[in-house]
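Each remark here refers to the structure printed beneath this line.
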Amino acid sequence: MTAQPAPVLEPGLDESALLSINLSALRQNWRDLARLSAPAICSAVVKADGYGLGLEPVLRALQAEGCTTFFVAVISEALRVRAVSRDATVYLLNGLAQETPAGLAALGVRPVLNTLAEVAAWAETGRPAALHFDTGMNRLGLAPADASRALELARRFPLSFVMSHLACAGDPVDPLNARQIAAFGAILGAFPGVAASLANSSGIFLPQRPHCDLTRPGYALYGGNPTPGRANPMRPVVRLAARILATREIGAGEQVGYDAAWTATRPTRLATIGLGYADGLPLSASGDPTRAPAAAEVGETLCPFVGRISMDLSVIDVTDAPEGAAARGEWVEILGERIGVDDLAERSQTIGYEILTRLGRRYVRRYVGG
């Protein structure tokens with residue numbers, strides 16, 4: 001029996017969920033952060049697949065804007081950067097880990113060295129690298145007491161910069177910010193003339209302006225708010241929309257979803273969309289009896305999710321939405337101008353970083369601008 005060819009769908013027919021990524025907004029966000037960082041150089045953190053938006057198109061857009069230095073977490077990401085650009089300066093935040101120093105050096109990837117053992121191993125290559133000191137995060141990084149020994153070992157290779165990472169920069173009045181800035185300044189005293197890097201996205205906005213010589217924004221580039229509790233100074237980069245697959249009317253007392261987790265208190269019109277937790281919509285977006293659920297924009301009406309988010313489907317209460325906007329085949333907006341990643345995260349009891357980095361691979365993805 002001869003195999004039949006796969007059907008060719010007309011443009012748009014396979015779009016039950018659409019993720020639009022505005023590369024022009026991404027570039028503008030980098031320009032704004034670079035302006036705020038000046039005279040420090042502004043780099044870009046593109047780990048976790050460019051925060052879920054696609055490492056390669058994100059990298060190309062940022063390079064076109066003038067960004068030359070990029071940070072990734074693991075070697076597979078560094079290889080993807082190198083496949084796009086032979087000229088980009090690439091730093092590996094997780095350090096040597098299981099990677100051989102010679103292999104990284106051959107790729108032209110610069111590790112951020114987090115232990116004395118890593119510094120000693122890298123010294124054999126004679127290639128550039130950075131040193132990371134822990135000043136209060138207690139995650140990765142050399143201890144401040146290791147500064148003298150690290151400097152001794154680092155004399156054997158070009159030291160790009162010394163860095164640390166702020167733990168609470170999103171809260172400008174948190175006392176840990178001042179303690180970390182002071183601790184980092186003390187460490188730098190052992191490295192006269194060496195460049196330094198401390199500020200992440202939120203750190204760029206701290207009143208102390210701990211920009212040093214190189215800033216390392218990530219989340220803010222992709223539209224996340226680096227100033228929680230205040231207006232978001234960044235442009236939204238992502239828009240997530242889904243088509244309504246079906247609608248139905250239910251009466252008061254009827255229930256929706258697995259485990260009958262939600263009960264209608266009035267006659268209710270429901271819309272089902274083809275989007276679930278397998279696509280990165282948090283299960284917790286459903287809400288619970290103690291808090292409001294997340295919502296989607298239908299027409300110009302915010303309509304709450306009801307019932308438990310399923311793997312592939314979610315249900316929205318569209319009773320108050322215009323009937324035409326809540327019909328089968330119409331689009332509803334999950335993320336966009338009105339519902340930002342931080343808004344969805346807050347309603348889902350998570351953080352915008354998780355919303356971005358879990359954006360599903362089943363969406364049709366469209367890159368605009370750039």
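In this label model, Q28 and T290 are separated by 4.0 nm, measuring between points 7 Å along each Cα→Cβ vector.
The simple spin-label model puts a point 7 Å past each Cα toward its Cβ; for S85 and V368 those points are separated by 2.5 nm. The spread of Cα positions in the stretch 23-222, taken along each principal axis and listed from longest to shortest, comes to 45, 43, 26 Å. A simple rule links phi to the HN-Hα coupling: the Karplus curve 6.51 cos²θ - 1.76 cosθ + 1.60 with θ = phi - 60°, which for the stretch 326-338 gives 10, 9, 4, x, 7, 8, 10, 9, 9, 10, x, 5, 8 Hz, with x for Gly and Pro.
Phi-derived couplings, Karplus 6.51 cos²θ - 1.76 cosθ + 1.60 at θ = phi - 60°, listed residue by residue for the stretch 152-157: 4, 5, 6, 5, 8, 8 Hz, with x used for Gly and Pro. The residue among A154, L302, A143 whose Cα reaches farthest toward the positive pole of the charge dipole of the chain, with charges on the beta-carbon of Lys, Arg, Asp and Glu, is A154. Label-to-label distance for E300 and L18 is 2.1 nm, based on points extended 7 Å past Cα in the beta-carbon direction.
Please report the net charge: other residues with Cβ closer than 15 Å to the Cβ of L131, K and R +1, D and E -1. Walk me through the numbers before you get to the answer.
On the way: positive: R110, R127, R149, R155, R156, R216; negative: E118, D134, D146, E152, D213.
Taking every Cβ under 15 Å from that of L131, the sum is +1.
Backbone amide hydrogens, once placed in the peptide plane, bring A296 within less than 5 Å of C303, F305, excluding anything fewer than 5 places away on its chain. Which far-off residues, 5 or more places away or on another chain, put their amide H under 5 Å from the one on L142, with H placed in the peptide plane? It is H132, F133, D134, by chain and number. With the charge dipole of the chain set up from +1 on Lys and Arg Cβ and -1 on Asp and Glu Cβ about the Cα centre, the Cα lying farthest toward the positive end among the listed residues F205, F70, P289 is that of F70. Of R308, R235, the sequence from fewest to most neighbouring Cβ atoms within 10 angstrom is R235, R308. Put simply, the amide H of A196, placed in the peptide plane, has neighbours under 5 Å in V162, D213, L214, leaving out anything fewer than 5 places away on its chain. Estimated from helices alone, the mean residue ellipticity of the chain at 222 nm is -7000 deg cm²/dmol (sum of -39500 (n - 2.57) over DSSP H runs with n ≥ 4, per residue). 3J(HN,Hα) couplings calculated from phi for the stretch 43-51 with the Karplus curve 6.51 cos²θ - 1.76 cosθ + 1.60 (θ = phi - 60°) are, in sequence order, 9, 8, 8, 10, 5, 6, 6, x, 6 Hz; Gly and Pro show x.
Structural size metrics of the stretch 238-368, computed from C-alpha coordinates, are Rg and Dmax of 13.7, 45 Å.
What is the percent of Cα-Cα separations in the chain that go past 33 Å? Walk me through the numbers on the way to the answer.
Numbers: 27113 of 68265 pairs.
The share of Cα pairs beyond 33 Å in the chain comes to 40 percent.
Every number in this text was worked out from the coordinates using simple rules, so none of it is lab data. Values in this document were obtained by computation on a predicted structure and should not be read as measured data. Glycine gets a Cβ as well: all are built from the backbone with ideal geometry, and neighbour counts include every protein chain shown.
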